[in-house]
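Written below as structure tokens is the structure these notes are about.
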């Protein structure tokens, strides 16, 4: 049997066709890992703020400062911190701390999405 054409460049063409898909999958995996890390850091920061607020319920600025300090060093931007007292700020009543934050992603910058807005909330008891 006689070969009329060679297949020397076939694997390079196939790799060139699949490479963009592999890059998108890799960027998605990196973003997922970063998102999970940001979720854990934010939940911890909100818990730190709620714990501080349970001992100092009238210090809203201190609660916000504790949250900002605990969440520093990440790629997220905390856009709002809300401290509320559903039943008043007396001892034994709950304190609710809610945080809204913006997470920037690699995949979002490739696809033209500015970022993802997420929320985290913790309720604690005032001492």
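Every number here is computed from the coordinates shown, using simple stated rules; none is lab data. Bear in mind that the values here come from a model prediction, so they are computed numbers and not experimental data. Methodologically, a virtual Cβ is constructed for each residue, glycine included, from the backbone with ideal geometry; neighbour enumeration extends over all protein chains shown.
Below are the figures for this structure:
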| read-out | value |
| --- | --- |
| Exposure proxy ranking, count of Cβ atoms within 10 Å, fewest first, for 113, 126 | 113, 126 |
| Helix 60-70 vs. the chain, principal-axis angle (Cα, 0 to 90°, nearest 10) | 30 degrees |
| Stretchable slack from residue 25 to residue 65, in nm (0.36 nm times residue separation minus alpha-carbon distance) | 10.7 nm |
| Förster radius 25 Å - calculated FRET efficiency between residue 113 and residue 77 (Cβ-Cβ, nearest 0.05) | 0.95 |
| Square roots of 5 times each gyration tensor eigenvalue, C-alpha, the stretch 42-127, largest first, Å | 29, 12, 8 |
| Relative contact order for the stretch 14-87, counting Cα pairs under 8 Å that sit 6 or more residues apart, in percent | 28 percent |
| The chain, relative contact order [Cα under 8 Å, separation at least 6], % | 25 percent |
| Acute angle (nearest 10 degrees) that the helix 10-55 long axis makes with the longest principal axis of the chain, alpha-carbon atoms | 10 degrees |
| Förster-model FRET efficiency, 22 Å R0, residue 100 and residue 58, C-beta, rounded to 0.05 | 0.45 |
| GNM top mover of 91, 60, 114 - the chain, alpha-carbon springs below 10 Å | 91 |
